[in-house]
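The structure appears right after this line, and notes come after that.
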Amino acid sequence: MYRLSHHDCEANPPATPCRGGRAGLWLVVCLLQLVSLAMLPGVGLADDDATADATVDATDEAAERARKNFRFTPVEEMVLPEAAHFLSSDPNAPRDWIVLTNGEAIEALPVVPRPGTLDQRRQEINTKLEQRKGLSGAKLEKWKRELAKLQGLEVTIPALEPEPEYRVPVDRIERIVHHEDQWLRRIGQLIDERNVDTALELLSALQQWRPDWPGIDERTTELIFADADNRLKAGDREVALMLLEEVSRRDAKFKGLGELAGQAVDQQIAEAIGKSDYRQARYFLNRLNRIAANSAVWQQHTGDLNQRAVGLVKEARDQQAQGDTAAALDTIERAARVWPDADGLAATYKSIAERYQIVRSGVLSLAGQPTAYPFETDADARHRRLTEIPLFEIASFPNGTARYRSRFFDEWIPQDLGRTITFSLRQTRQPWEAQPVLLGWPITDRIRERLDPSHPDYDERLAGYVSTLNVISPFEFEMEFRRVPPRLEALLTDPIVVAPPVDRASDDSAETAAEGAAGAAGAGDGGTFVSVAAAGHSATAGGFQRVEQESDLVRYRRYLAEPDRLRKYHVAELFEFRYPDPEAALYAFELGEVDMLPTPPLWIVRRLEADEEAKSKYFLLKHAIPETHVLQFNPAQKVVRSRELRRALVYASDRWSILEDVLLRQEGGSQGRVVSGPFPNTSRANARDVPIRPYDPYAGLALRLAAINSLKASKVIEGDELPPLRMLVPPDATIQAAALKLVEGWARIGLTVEIVPDDDLNAYEEGNWHLIYRQVRMTEPIVELWPFLTMNDTARIDDLAMLPDWLKQEVIDLDRSSDWSRAEERVKELHRHLSLEAAIIPLWEVDQYSLYRKHLQGLSESPVHCYEMIDQWTREASLDAVGS
């Protein structure tokens with residue numbers, strides 16, 4: 001080995017140690033020494049005085065002493081430093097091992113470049129050798145000096161202080177064990193000992209110091225595997241499995257990965273199968289297969305699940321052969337949940353599921369639940385749409401004008417300037433339709449009930465229009481009018497077909513099936529005439545019948561079953577599953593547990609609209625009619641007859657903030673709007689000059705004080721405080737939250753308003769309330785405004801008694817308008833007066849959407865409600881939609 005001189009002269013570059021003018025002599029000595037070192041099997045720095053004199057230029061006594069005492073160490077005796085050494089902050093602590101070709105090694109300060117020191121230097125030497133061609137004279141000499149410099153590696157050996165710098169011939173070095181490599185070796189030993197914490201500390205320190213060092217990734221993988229092993233032995237299987245998944249992502253062929261992963265999930269899979277939680281079992285199986293495909297544990301459990309599923313497939317085929325298609329569908333879906341890839345399952349499922357189609361809907365509430373709210377909730381509306389079929393129903397709402405359709409009439413033709421209308425009934429029906437073919441008499445009898453003053457369903461308004469009702473033939477009748485109604489269809493929206501109620505919960509019972517068969521048998525002779533208590537009158541049976549209800553489930557079945565041997569079948573049953581919140585319902589939808597979500601919150605709608613993957617799998621359909629939210633007052637409560645108080649409530653309502661923060665959860669959202677009246681924003685009934693009152697709490701405070709004075713003067717209240725007001729609110733979490741925000745705003749101006757508890761079931765009937773929160777979709781204000789203002793189902797003169805005289809007179813004048821243009825102008829005028837008098841508090845309108853999986857076909861592009869024309873829907877037999 002050769003010491004690097006600290007005072008090289010220009011004639012003797014650093015590649016060759018020099019002493020003044022003896023450069024030529026030392027060059028010869030150096031070359032001879034290199035040859036002699038190469039020929040010896042083992043070399044020490046100071047075996048004897050002669051070798052030492054030829055190897056090291058000893059310049060002082062200390063250097064000579066260090067040289068004589070220094071000994072090479074066999075590489076196998078080199079001691080790997082302890083963990084604390086690598087965590088030391090001493091900059092002189094790092095050492096590289098220079099391993100010579102004779103199997104001996106020395107410790108040196110870190111060499112450069114690193115890593116790959118020898119590879120880089122040998123590449124430089126090879127490059128330099130290729131540059132030899134064509135050189136001569138001074139260029140050749142320069143080339144030789146540069147080559148000689150490259151052929152020696154500069155190292156610093158602290159043990160040879162005070163002269164530690166040497167150059168070692170590159171061809172005498174077998175390898176270099178860098179300090180970082182020793183670091184990784186120590187980490188490896190700690191991993192083998194399963195000392196994960198210390199190994200992690202060392203690895204983190206190395207990553208911070210040299211994050212790009214070769215081997216760090218491999219050691220990281222080994223450490224994660226060791227941690228997983230420790231976790232598994234400690235019983236923390238879930239964390240162990242997560243760590244093994246990370247190992248698989250880093251190195252799918254890591255030794256022992258499949259075996260350890262199998263141990264991590266084996267017990268969990270067995271427990272899930274024992275509880276019949278096959279989704280959980282398949283969840284762990286899928287994770288295991290992603291970690292290590294086709295492992296022994298995976299094959300064992302998948303074979304067991306496949307065998308179970310094959311048994312259910314056979315059972316479903318037997319049930320189908322016996323004609324029990326509903327039971328067969330339930331069985332084959334259970335098989336799909338056990339193991340979707342079972343032999344023969346896909347074909348069997350398709351044949352059964354296409355014959356007996358079921359739709360599952362995820363909802364937040366079910367119809368018929370007791371509540372203090374007296375009006376129809378969203379759940380009640382869904383129930384009504386399924387179980388009742390009206391004579392006329394809204395088909396669309398283009399440009400704010402309702403268009404109607406009827407399932408019962410081929411045509412209805414006005415005559416005599418509209419004073420007479422002839423109705424021609426359809427004489428055939430499609431097998432999939434939920435209503436029977438009707439003769440004229442069920443319809444005319446129902447209309448006569450509404451014209452009969454002695455009948456509970458007497459409709460004063462309709463009776464005021466109709467003079468006579470004549471049956472011309474079994475499929476034709478005629479209606480004559482005293483005065484022509486503006487929109488006859490809007491007056492004839494009562495249900496004419498109603499599914500009979502089932503008194504007790506029922507599955508696929510023989511009695512329920514018999515009822516459906518009876519309904520189907522009567523479809524050709526005017527339908528089965530049954531008493532329907534829910535509708536309050538006699539009606540023809542049809543629609544979807546509620547056959548089962550539990551706390552979190554309601555089941556509807558088509559009353560008129562489709563016959564066998566059809567080319568195409570349609571939805572036979574609908575299930576509504578109740579979930580605790582919208583996110584839980586969305587999760588169930590994404591898993592395939594349900595096929596649709598009626599009216600999800602708007603923040604979920606926006607999330608799905610922004611998700612390209614979701615749009616490829618789902619239909620997100622906007623409803624044709626937005627929902628308008630308003631507050632109405634109890635006319636029987638004298639305190640809210642004060643116009644000042646009503647206007648105070650209006651000005652103290654920060655409707656914009658509540659709409660954005662609670663209903664939309666988006667600032668400046670376009671899916672909701674603050675409104676000035678109870679009509680849809682696009683309705684022609686809106687008077688465009690009616691302003692939307694701003695949020696002005698100071699005006700609200702002044703009006704509250706004025707209300708106190710006026711109510712004291714009229715002896716409605718005593719003292720200087722208003723009594724607490726009570727507000728009825730629908731049992732919907734989002735609306736309840738919006739109502740609470742309204743209450744908070746009113747409290748700021750000194751108005752105390754309480755929300756009536758849901759268990760106060762008699763509050764409305766007893767009149768123990770002042771305000772009520774309404775959700776309306778007013779498509780025909782000319783017809784619907786009267787019942788809305790009186791909060792009743794029909795328009796009766798007696799119901800107007802509690803209204804102010806001006807409002808009473810305007811409602812009557814509107815109803816007596818036979819000219820459409822005149823009626824429209826009177827609605828607009830009424831809108832202006834309602835706003836001026838603050839007779840109601842318009843809040844906002846919000847767009848509504850429904851979410852469907854794409855295996856549902858036959859949907860309306862712009863539905864009026866979520867179950868529109870459900871009897872013509874078809875559900876493709878997709879195993880992805882089983883909820884497995």
Inset, instruction - From 794, 790, 752, grab the single residue that is over 38 Å from the mean Cα position of the chain (by Cα) and closer than 19 Å to residue 649 by Cβ. - result: 752
Legend entry - Considering residues of the stretch 358-412 that are β-branched (Val, Ile, Thr), within 30 Å of residue 328 (Cα to Cα) and within 27 Å of the chain's Cα centre (by Cα) only, the residue surrounded by the fewest Cβ atoms within 10 Å (Cβ to Cβ): 358
Inset, instruction - Please indicate, with yes or no, whether at least one residue in the stretch 620-633 is open to solvent by 20 Å² or more (accessible area, probe 1.4 Å), of a type in the set (D, E, K, R) and in a helix (DSSP H, G or I). - result: no
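Picking from 833, 865, which residue would you name as being within 30 Å of residue 634 (Cα to Cα) and modelled with pLDDT of 95 or more?
865
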Legend entry - Any hit, the stretch 115-128, residues being in contact with a Leu (Cβ under 7 Å, 6 or more places away or on another chain), without any contact (Cβ under 8 Å) to a residue 40 or more places away in the chain and either open to solvent by less than 70 Å² (accessible area, probe 1.4 Å) or more than 30 Å from residue 75 (Cα to Cα) (or both): yes
Legend entry - the stretch 664-701: number of residues that are open to solvent by 60 Å² or more (accessible area, probe 1.4 Å), assigned to a helix (DSSP H, G or I) and hydrophobic (A, V, I, L, M, F, W, C): 1
Legend entry - residue 187, sole failed condition from (1) surrounded by fewer than 16 Cβ atoms within 10 Å (Cβ to Cβ); (2) over 41 Å from the mean Cα position of the chain (by Cα); (3) farther than 26 Å from residue 101 by Cα: (1)
Legend entry - Single unsatisfied condition, residue 410 versus (1) farther than 24 Å from residue 627 by Cα; (2) in a loop (DSSP other than H, G, I, E, B); (3) charged (D, E, K, R): (2)
Inset, instruction - Output the number of residues of the stretch 416-466 satisfying the condition of being of a type in the set (D, E, K, R), assigned to a helix (DSSP H, G or I) and open to solvent by less than 40 Å² (accessible area, probe 1.4 Å). - result: 4
Inset, instruction - Could you list, in sequence order, all residues of the stretch 205-224 that are touching a Pro at 6+ places or on another chain (Cβ under 7 Å) and either closer than 17 Å to residue 253 by Cα or open to solvent by less than 40 Å² (accessible area, probe 1.4 Å) (or both)? - result: 213
Inset, instruction - Scan the stretch 309-347 for residues that are surrounded by fewer than 17 Cβ atoms within 10 Å (Cβ to Cβ) and among the charged types (D, E, K, R) and jot them down. - result: 314, 315, 318, 341, 343
Inset, instruction - Report yes if some residue within the stretch 154-167 is in a loop (DSSP other than H, G, I, E, B), in contact with a strand residue (DSSP E or B) (Cβ under 8 Å, 6 or more places away or on another chain), β-branched (Val, Ile, Thr) and farther than 30 Å from residue 203 by Cβ; otherwise report no. - result: no
Legend entry - Sole exception among (1) in contact with a helix residue (DSSP H, G or I) (Cβ under 9 Å, 6 or more places away or on another chain); (2) in a helix (DSSP H, G or I) for residue 176, by number: (2)
Inset, instruction - Could you look through the stretch 191-204, keep only residues that are in contact with a helix residue (DSSP H, G or I) (Cβ under 7 Å, 6 or more places away or on another chain) and more than 21 Å from residue 248 (Cα to Cα), and pick out the one that is least open to solvent (accessible area, probe 1.4 Å)? - result: 202
Inset, instruction - Tell me which of these residue 741 doesn't satisfy, since it passes every other one: (1) within 34 Å of the chain's Cα centre (by Cα); (2) among the basic types (Lys, Arg); (3) under 30 Å from residue 783 (Cβ atoms). - result: (3)
Legend entry - Among residues of the stretch 738-754, those that are outside any loop (DSSP other than H, G, I, E, B), open to solvent by less than 40 Å² (accessible area, probe 1.4 Å) and either aromatic (Phe, Trp, Tyr) or touching a helix residue (DSSP H, G or I) at 6+ places or on another chain (Cβ under 8 Å) (or both), counted: 5
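Of everything in the stretch 828-859 that's closer than 17 Å to residue 361 by Cα and open to solvent by 10 Å² or more (accessible area, probe 1.4 Å), which residue is nearest to the chain's Cα centre (by Cα)?
Selected residue: 853.
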Inset, instruction - Kindly provide the set of residues from the stretch 233-251 that are open to solvent by 30 Å² or more (accessible area, probe 1.4 Å) and of a type in the set (A, V, I, L, M), ordered by number. - result: 234, 239, 242, 243
Inset, instruction - Check whether at least one residue in the stretch 242-263 is of a type in the set (Ser, Thr, Tyr), under 20 Å from residue 197 (Cα atoms) and part of a helix (DSSP H, G or I), and report yes or no. - result: no
Legend entry - Check on residue 772, over 30 Å from residue 354 (Cβ atoms), of a type in the set (A, V, I, L, M, F, W, C) and in contact with a Gly (Cβ under 9 Å, 6 or more places away or on another chain): no
Legend entry - Pairs with Cβ under 7 Å, 6+ apart, first in the stretch 788-816 and free of Cβ contacts under 8 Å to residues at least 60 places away in the same chain and open to solvent by 20 Å² or more (accessible area, probe 1.4 Å), second part of a helix (DSSP H, G or I) and acidic (Asp, Glu): 792/799
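The values are calculated or read from the model by the stated rules, or taken from the named source; none is laboratory data. Note that the structure is a prediction, hence the values are computed from the model and not measured. Because the Cβ atoms are built from the backbone with ideal geometry, glycine has one as well, and the counts that use them run over all protein chains shown. To get the accessible areas, we keep the full protein, side chains included, count just its heavy atoms, and leave off ligands, DNA and RNA. Shrake-Rupley method; radii C 1.70, N 1.55, O 1.52, S 1.80 Å.
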